[in-house]
1. Compute the distance from the alpha-carbon center of region A:279-325 to that of region A:188-205, in whole Å.
2. From the C-alpha coordinates alone, can you work out the Kirkwood hydrodynamic radius of region B:112-173, in Å?
3. Sort out the exposed loop trypsin sites (Lys or Arg not before Pro) in chain B (DSSP loop, at most 13 other Cβ within 10 Å) and tell me the longest stretch that has none.
4. Could you put A:Thr244, A:Thr4 in order, starting from the residue whose Cβ has the fewest other Cβ atoms within 10 Å?
5. With a/c under 1.5 counting as rounded, go ahead and sort chain A into rounded, prolate or oblate using the C-alpha gyration tensor (a ≥ b ≥ c being the square roots of the eigenvalues; past the cut-off, prolate if a/b is larger than b/c, else oblate).
6. Taking only C-alpha pairs under 8 Å that are 6+ residues apart, what is the relative contact order of region B:268-319 in percent?
7. Among the listed pairs B:Lys211/B:Lys280; A:Lys48/A:Lys223; A:Lys318/B:Lys302; A:Lys242/B:Lys103, which are separated by more than 30 Å between their Cα atoms?
8. In region A:245-288, how does Rg compare with the Kirkwood Rh, expressed as the Rg/Rh ratio over alpha carbon atoms?
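What follows draws every value from the coordinates through simple rules; no lab data is involved. All values reported here derive from a predicted model rather than from experimental measurement. Don't worry about glycine lacking a Cβ; one is built from the backbone with ideal geometry, like all the others, and counts go over all protein chains shown.
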Amino acid sequence: MSDTLLIDLHVQYIRNLGNNKDDLSYHMTAHRLINGVYWGLTALCIMKHKEALDAQETIEYVMSCWDDEAGAFGPHPRHDAHILSTLSAIQILATHDALARLNATRVVDFVLNLQQPSGVFAGDAFGETDTRFLYCAVSALSLLGALDRLDRERTVSYLASCRNFDGGFGRVAGAESHAAQVWVCTAALAILDRLDVVDVPTLGWWLAERQLPNGGLNGRPEKLEDVCYSHWVLSSMAILNKLTWIDSSALTRFILSAQDPEGGGIADRPGDMADIFHTCFGVAGLSLLGYPGLDDLDPVYCMPASLIERMGLKTGWKALPRREG
Amino acid sequence: MALKLPERPEWTDVVPVPQYENIQPLAPIFYSPEYKDATDYFRGIVKTGEKSPRVLELTETIIRLNPAHYSAWQYRYETLITISASLELELVLTNALTKASPKTYQVWHHRRLLQTALCDPVPELAFNEEVLKADAKNYHTWSHRQWLLVHFDQAELWAGELSFVERLLAEDVRNNSAWHHRFFISFETGNTTRTRDDADEAVRRELAFAKERIALAPNNASAWNYLRGAAFAELYVVDAVEVGTDDVLDLENPAPSEGAELPCAAAIEFMADVHEARGKEGLSEAVKYWRSLAHTHDTIRKSYWEFRIRDAVANAGAT
């Protein structure tokens, strides 16, 4: 059990992921690999150790994921393009100031072609639809400076149709409110400057209700706490300027208790095995809570705040003030 | 498969395409030999565009080893259609795969594609209920159920849902997914078979139902959220003040049951809202309730309750 963030250990953990030949962990399988690199890189940036993963190697890896037939990125070389991997690719390249490496015209076309008549986005030609993909589309277009090409009205009207009676948002219209879907919908609305679609008092309260007596956050009522909700819930609350509504010391203690004090990394809850996904979101949550020694995270893009500000994309979110360490 | 793919004579015409050829990966994946062979051969048949029965065999191998391989699912579906394979048989296989990996997005999307073609919702709803028996809160399962109801939009399908949800809530009255589904079937506008009278009757029925469940087990966030949602359902405009003081929402009935854990934070919150809605006269009562939450009954959300006090005081001062 640790009461401080073991930064050096986590940096080492992320560095080692590329070297571990026995690691068959779910989040490093080929169908999420580029996402894994994005999670690792983002965590490193927040912990002020961006240099721990070689920039050139990372950029070349991203470019090797280019699917020339589709005009977008897959999760690993020789895999079909998907909107999830395309966003990760854009985020990684932006973080390394290498957006010029990609063919923006083709990527923008790929993204726009995935929009369905209802306004939701599919992830790829398979046709699965989800508000996660809608967020990926909006974020990707914004980062590429092509938001003006989006059919905003159709997109916003679909988001409005996903708003539930409890103020939350679901995966598709009619689906149950879930914190991860709340984040993608709220963040998409923030980018589109349409937070008026959100019932802020009701949703803010629903989000605050996610906190359990042990300090951790769950994703919907009566479910277990999980460190990744430190991102989905907290980022949503930061976007709505309601971060003061939860007990931040209790949550901080919870996240820190989920660290692996030997091997590094953060797990979904104390005692479980660490993975790159929860490491990223645990560190992201701590940054929003003002944990000392970390860099600011932009909760709309889940990328370094200074980068998003430089790109002229900052919106009106509010994190807790950074404490002295 | 007894023999490995490269050793089987019927596959010798296919040129497998390896994962890492002239590529230096940042973080190489080390696969099992069986998975490596299957995906190498998969890349090979995709390259030639082959659509044949052996492609079904190959893609089945891949998705059994890695249910998240969306390209394999996609190519499989295209193959099924191209060679006019039996979708009924495919559904049988998909049922087994669904039970094996119920949290995989791809298997549910495959079901959706199959149902769009097969149009057989009644057994699909029954299968859906079976999957929920193993995990009553599986998000994909519920979402698929909601899609079925709206897509087919048949009165008989909608009609069975209320008793279905009651069965699930009887097993676990705190199942938020079941409460959400109940709201969906009671108020969802995608049900074109419903009349205006049905809608009005739904509000009355649902308010009564929520209150009964709350009386049985008051510490149930889902039920309280539901109560508020039903009271303000867009189909039936209810005045906010009426909800607190009218017999429509008679707060004395039903009374909490014997085993109920009291006091209940959600009830205190509700009372505070009722008093707040009365304006200046209700303010001090509301503040008393919020204070009790901040200091005693829901201390983890102290900041939120203090915000409610400040906010209500400011609004009362402004009027």
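1. With region A:279-325 and region A:188-205 each reduced to a Cα centre, they are spaced 19 Å.
2. Values: mean 1/r = 0.0827 Å⁻¹.
Computed over region B:112-173, the radius equals 12.1 Å.
3. So the longest stretch without any such site is B:104-319.
4. On the way: A:Thr244 14, A:Thr4 11.
Least to most surrounded, the residues fall as A:Thr4, A:Thr244.
5. Values: a/c = 1.59, a/b = 1.08, b/c = 1.47.
Judged from the Cα gyration tensor, chain A comes out oblate (a/c at least 1.5, b/c at or above a/b).
6. On the way: 46 pairs, mean separation 16.1, N = 52.
About 31 percent, as a whole number.
7. Details: B:Lys211/B:Lys280 28 Å; A:Lys48/A:Lys223 33 Å; A:Lys318/B:Lys302 19 Å; A:Lys242/B:Lys103 32 Å.
Pairs exceeding 30 Å: A:Lys48/A:Lys223; A:Lys242/B:Lys103.
8. Working: Rg = 10.0 Å, Rh = 10.4 Å.
Over the Cα atoms of region A:245-288, Rg/Rh equals 0.97.
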